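Enquirer: Pasting a structure here, questions to come.
The values are calculated or read from the model by the stated rules, or taken from the named source; none is laboratory data. All values derive from a computational prediction rather than experimental measurement. Methodologically, a virtual Cβ is constructed for each residue, glycine included, from the backbone with ideal geometry; neighbour enumeration extends over all protein chains shown.
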Amino acid sequence: MLKGIHHVAIICSDYQKSKDFYVGILGLNVLAENYRAERKSFKLDLELPDGSKVELFSFPSSPQRPSYPEARGLRHLAFNVEDIEQVTRKLQHHGVSVEAIRVDEYTSKKFTFFSDPDGLPLELYQQC
């Protein structure tokens with residue numbers, strides 16, 4: 001029935017700051033960028049190398065996302081990486097705070113967490 005995840009939609013508070021983060025730091029490819037005047041909203045379509053997509057939205061006066069303590073709902077967004085140490089160093093070079101790399105007790109795979117400019121929890125997960 002379901003074939004995969006097509007996209008994840010994110011609402012940000014500072015469009016330019018989030019665009020710089022997702023494009024300039026994380027390296028997502030820009031597919032389309034549109035300003036919707038009737039909503040006073042940007043919509044940025046981004047793509048990862050595997051074809052999955054992230055839609056980045058800005059809306060005026062959108063409420064903050066409750067993160068800590070964790071609220072019900074989507075917990076975090078996880079990105080698959082080949083070399084978690086390399087990606088972690090790149091993030092830290094750009095001033096992004098990254099938690100210590102851990103090993104999943106069930107899969108023995110490396111993972112770590114960091115946050116986007118709005119505090120959205122993001123994960124790096126090394127499958128190999």
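Enquirer: Which is of a type outside the set (D, E, K, R), loosely packed, with under 10 Cβ neighbours inside 10 Å and under 26 Å from GLY4 (Cβ atoms), of PRO49, PRO69, PRO63? Step through it out loud before you land on a result.
Expert: Working: PRO69 fails: under 26 Å from GLY4 (Cβ atoms); PRO63 fails: under 26 Å from GLY4 (Cβ atoms).
PRO49 is the lone residue from the list that is of a type outside the set (D, E, K, R), loosely packed, with under 10 Cβ neighbours inside 10 Å and under 26 Å from GLY4 (Cβ atoms).
Enquirer: Based on what the data block shows, is GLU82 farther than 22 Å from ALA9 by Cα, in contact with a Cys (Cβ under 7 Å, 6 or more places away or on another chain) and among the charged types (D, E, K, R)? Steps first, please.
Expert: Values: farther than 22 Å from ALA9 by Cα: yes; in contact with a Cys (Cβ under 7 Å, 6 or more places away or on another chain): yes; among the charged types (D, E, K, R): yes.
When the stated conditions are applied, GLU82 passes them.
Enquirer: Can you find even one residue in the stretch 51-63 that is farther than 16 Å from SER115 by Cα, charged (D, E, K, R) and in a strand (DSSP E or B)?
Expert: Yes, some residue in the stretch 51-63 is farther than 16 Å from SER115 by Cα, charged (D, E, K, R) and in a strand (DSSP E or B).
Enquirer: Can I ask one more? Go through the stretch 2-32 and report how many residues are more than 19 Å from ASP118 (Cβ to Cβ) and acidic (Asp, Glu).
Expert: Result for the stretch 2-32: 0.
Enquirer: Let me ask something else about it. Can you tell which of VAL87, VAL103 is surrounded by 12 or more Cβ atoms within 10 Å (Cβ to Cβ), modelled with pLDDT of 95 or more and either touching a strand residue (DSSP E or B) at 6+ places or on another chain (Cβ under 8 Å) or assigned by TED's automatic domain parsing to the domain that holds CYS12 (or both)? Before the answer, list the steps.
Expert: Details: VAL103 fails: surrounded by 12 or more Cβ atoms within 10 Å (Cβ to Cβ).
Result of the check over VAL87, VAL103: VAL87.
Enquirer: What residue, of LEU44, LEU56, LEU74, is under 12 Å from the mean Cα position of the chain (by Cα) and either exposed (fewer than 15 other Cβ atoms within 10 Å of the Cβ) or not basic (Lys, Arg) (or both)?
Expert: Details: LEU44 fails: under 12 Å from the mean Cα position of the chain (by Cα); LEU74 fails: under 12 Å from the mean Cα position of the chain (by Cα).
Going through LEU44, LEU56, LEU74 in turn, the sole match is LEU56.
Table: residues versus (1) more than 13 Å from the chain's Cα centre (by Cα); (2) part of a helix (DSSP H, G or I); (3) of a type in the set (Phe, Trp, Tyr).
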{"site": "SER67", "(1), (2), (3)": "yes, no, no"}
{"site": "PHE79", "(1), (2), (3)": "no, no, yes"}
{"site": "GLN86", "(1), (2), (3)": "yes, yes, no"}
{"site": "LYS90", "(1), (2), (3)": "yes, yes, no"}
{"site": "THR107", "(1), (2), (3)": "yes, no, no"}
{"site": "LEU122", "(1), (2), (3)": "no, no, no"}
